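Got a structure for you, written out below as structure tokens; questions coming shortly.
The values are calculated or read from the model by the stated rules, or taken from the named source; none is laboratory data. The structure displayed is predicted, hence computed values, not measured ones. Virtual Cβ from ideal backbone geometry, glycine too; neighbours counted across all protein chains shown.
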Amino acid sequence: MKVLVPVKRVIDFNVAVRVKADGSGVDLTNVKMSINPFDEIAVEEALRLKESGKASEVIAVSIGPKECTETIRTALAMGADRGLLILCDQAIEPLTVAKTLKAVCAEEPPGLVIMGKQAIDDDCNQTGQMLAALLDWPQGTFASKIELTEKRITVTREVDGGLQTVELTLPAVITTDLRLNEPRYASLPNIMKARKKPIEVRSIADYGVDPTPRLKVLAVSEPPKRRAGTRVDSATDLVGKLREAGVI
Amino acid sequence: MPVLVLAEHDNKLLSDTTAKTVTAAGHISTEIHVLVAGANCGGVASEAAKLAGAAKILVADDARYAHALAEPLAALILSLAEPYEAILAPATTNGKNILPRIAAKLDVPQISDITAVEAPDIYLRPIYAGNAIEKIEASGFTKIITVRPAAFKAAENTGNAAIETVTAVADPELSAFVGEELSYSKRPELTAARIVVSGGRGVGSKENFMLIESIADKLGAGVGASRAAVDAGFVPNEFQVGQTGKIVAPELYIAVGISGAIQHLAGMKDSKLVVAINKDENAPIFSVADFGLVGDLFEVLPELERALDEGGTPP
């Protein structure tokens, strides 16, 4: 069984985001970019399936500018077998990504798609669910544990009230939550080896998908800033201040 | 044109995230329908009927909707979607799970986690963990929207909507419920609590978290945690406040032993009053705190408890 892992190139989670002065977006010039952390967890989970003999091949796919090659290389250095880069130079919406991935699934076809539950740039949390819907597959979102058998997959999901476990038919789409696993670091020899692994390059047009966004971004602005307040010296002092403020 | 709100509930109680989503829906249309899909959920429907602004409650009461699985619920909502200008759900794990399926099937984009409705088709939503706010216009298609409950006031309980039964539709039989481990707590639910007390890595252990809980109980507060505390196993996942956990905006947020990573701030920085207790005076949490107390939490928390006792019970 092949496992497809979509990976997104995003601003590194440690970078402080700056909104552009003209309100057109977030400044990405000379900013460190990395693989979306949830996607890294997805790569790790796919590799564990392969290592336990339950998956035959792990394919990392990324959609975006040519720099996404680096994101795919990260997945390959972790251990993914091959990459697919789908070039697209404009910003695209989750539905567009889902449509493109659907077309990829038709070509491959994978038994499982594992992907991050959300990207830390747009915080949409949509693509996995949309892909599952377009394919008429089940979805195991916000997964903290998966168990794969011959024909089914059991997924423990992190939900608002605690944990929910569901059983899905295969093929299926899984989206990862933080506690699914702890991704490995790529070793230097594996980073070297990853340079020789194949990355196929295609264009989004090859898949017959129109990348034009349908939502209009009118402006991107800074959120209202909180200011640091005052320091208090003791718990008694604090309680006094909170009582004064009328909150307790 | 009417709009549809997907109710959040556990078949017994209607979550107040629904009332907040109804408020958001009211900025889009004056005709609001609320869908209560569940099993033996008649009581929830009666609760929903009281929501001010709701014109009609649709009830789909069937075993296949008992656990809010995305596949059968999406099939149900799609069967009802046609007349609606917008379909909204609270941005809970259920809303986030189900709505993108609807959007994809209707071939429309989704607008996630809105925090304001500026005009019926213009919305604000946070991106980059709340470090930027995007203003979006969606026109010319059915709007599929998840709503950040903490950003809206709950609709009042002064309504009297008609209740109408809708027929269940075929389950695509792709998914089955196996089980759940839900935490039942006498404490207020995190996203609805007026006061939240959260602990971080600094708390040090599962046992020490009792200190946090004890303060929370004194204040009638909900209990939260940073990702670090959840990852370390001090508390279960449902306690997590942050970019990918729960988003809270209580009147008072007390962060104890939390350094204040941007991912955590994303989940609490809209709180009205923030208190930080941390032994590291350079911890970033102090930069967003109205009141900061530098000190060892193991000394501060017992003192805090005593100080709270001295002033009698909270109002």
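Within the range A:215-246, take every residue that is assigned to a helix (DSSP H, G or I) and small (Gly, Ala, Ser) and give me the one that is nearest to the other protein chains (Cβ to nearest Cβ). Full working, then the answer.
Filtering the range A:215-246 down to residues assigned to a helix (DSSP H, G or I) leaves A:235-244.
In the following step, the residues that additionally are small (Gly, Ala, Ser) were identified as A:235, A:240.
On the way: A:Ala235: 4, A:Gly240: 8 Å.
Ranking the qualifying residues of the range A:215-246, first place goes to A:Ala235.
Can I ask one more? Could you look through the range A:132-187, keep only residues that are of a type in the set (Asp, Glu) and within 10 Å of chain B (Cβ to nearest Cβ), and pick out the one that is farthest from A:Leu4 (Cα to Cα)?
A:Asp160
Report, by residue number, each residue of the range B:128-153 that is more than 11 Å from chain A (Cβ to nearest Cβ), under 22 Å from B:Gly242 (Cα atoms) and outside any strand (DSSP E or B).
Passing the criteria: B:Ala150, B:Ala151, B:Phe152, B:Lys153.
Quick check, is B:Gln263 more than 22 Å from A:Asp233 (Cβ to Cβ), of a type outside the set (Ser, Thr, Tyr), at the interface with chain A (Cβ under 9 Å from one of its Cβ atoms) and assigned to a loop (DSSP other than H, G, I, E, B)? Reasoning before the result, please.
On the way: more than 22 Å from A:Asp233 (Cβ to Cβ): yes; of a type outside the set (Ser, Thr, Tyr): yes; at the interface with chain A (Cβ under 9 Å from one of its Cβ atoms): yes; assigned to a loop (DSSP other than H, G, I, E, B): no.
So B:Gln263 does not fit the description; no.
Considering only the range A:145-165, state which residues are small (Gly, Ala, Ser) and either at positive phi or surrounded by fewer than 16 Cβ atoms within 10 Å (Cβ to Cβ) (or both).
Correct list: A:Gly162 only.
Out of the range B:106-127, which residues are facing chain A (nearest Cβ under 8 Å), among the hydrophobic types (A, V, I, L, M, F, W, C) and out of contact with any Ser or Thr (no Cβ under 6 Å at 6 or more places or on another chain)?
B:Ile111, B:Ile122, B:Ile127
B:Glu299 - would you say it is of a type outside the set (Lys, Arg), out of contact with any Leu (no Cβ under 9 Å at 6 or more places or on another chain) and within 10 Å of chain A (Cβ to nearest Cβ)?
When the stated conditions are applied, B:Glu299 passes them.
Here's another thing I want to ask about it. So if I check each of A:Gly162, A:Gly116, A:Gly140, which one is free of Cβ contacts under 8 Å to residues at least 12 places away in the same chain and either small (Gly, Ala, Ser) or in contact with a Gly (Cβ under 8 Å, 6 or more places away or on another chain) (or both)?
Values: A:Gly116 fails: free of Cβ contacts under 8 Å to residues at least 12 places away in the same chain; A:Gly140 fails: free of Cβ contacts under 8 Å to residues at least 12 places away in the same chain.
Sole residue among the options that is free of Cβ contacts under 8 Å to residues at least 12 places away in the same chain and either small (Gly, Ala, Ser) or in contact with a Gly (Cβ under 8 Å, 6 or more places away or on another chain) (or both): A:Gly162.
Taking the conditions exactly as written (more than 15 Å from the chain's Cα centre (by Cα) and in contact (Cβ under 8 Å) with a residue 60 or more places away in the chain), does B:Leu297 satisfy them or not? First the steps, then the outcome.
Details: more than 15 Å from the chain's Cα centre (by Cα): yes; in contact (Cβ under 8 Å) with a residue 60 or more places away in the chain: yes.
Yes.
If you check B:Gly204, B:Gly267, B:Gly222, which single one turns out to be on the phi > 0 side of the Ramachandran plot and among the small types (Gly, Ala, Ser)?
Numbers: B:Gly267 fails: on the phi > 0 side of the Ramachandran plot; B:Gly222 fails: on the phi > 0 side of the Ramachandran plot.
After applying the criteria, what remains is B:Gly204.
The conditions are (1) over 23 Å from the mean Cα position of the chain (by Cα); (2) at pLDDT 95 or above, and B:Pro314 fails exactly one of them. Which is it?
(2)
Next question. Looking at the structure I just gave you, is A:Ala194 surrounded by 14 or more Cβ atoms within 10 Å (Cβ to Cβ) and of a type in the set (Gly, Ala, Ser)?
Working: surrounded by 14 or more Cβ atoms within 10 Å (Cβ to Cβ): yes; of a type in the set (Gly, Ala, Ser): yes.
Judged against the criteria, A:Ala194 is a match.
Out of all the residues in the range B:107-142, which are under 23 Å from B:Thr30 (Cβ atoms) and of a type in the set (A, V, I, L, M, F, W, C)?
Residues satisfying the conditions are B:Val108, B:Ile111, B:Ile114, B:Ala116, B:Val117, B:Ala119, B:Ile122, B:Leu124, B:Ile136, B:Ala138, B:Phe141.
Additional query: Exactly one condition in (1) out of contact with any Gly (no Cβ under 8 Å at 6 or more places or on another chain); (2) more than 8 Å from chain A (Cβ to nearest Cβ); (3) in contact (Cβ under 8 Å) with a residue 12 or more places away in the chain; (4) part of a loop (DSSP other than H, G, I, E, B) is false for B:Val235; which is it?
Against the list (1) out of contact with any Gly (no Cβ under 8 Å at 6 or more places or on another chain); (2) more than 8 Å from chain A (Cβ to nearest Cβ); (3) in contact (Cβ under 8 Å) with a residue 12 or more places away in the chain; (4) part of a loop (DSSP other than H, G, I, E, B), B:Val235 comes up short only on (1).
In addition: Considering only the range B:264-311, state which residues are under 25 Å from A:Asp121 (Cα atoms), out of contact with any strand residue (DSSP E or B) (no Cβ under 8 Å at 6 or more places or on another chain) and modelled with pLDDT of 95 or more.
Within the range B:264-311, B:Leu265, B:Pro284, B:Ser287 meet the criteria.
Another question about this same structure. Are there strands (runs of 3 or more DSSP E) fully within the range B:163-230 with at least 2 residues that are facing chain A (nearest Cβ under 9 Å) and over 16 Å from the mean Cα position of the chain (by Cα)? List them.
Where strands (runs of 3 or more DSSP E) fall fully within the range B:163-230 and carry at least 2 residues being facing chain A (nearest Cβ under 9 Å) and over 16 Å from the mean Cα position of the chain (by Cα), they are B:175-182.
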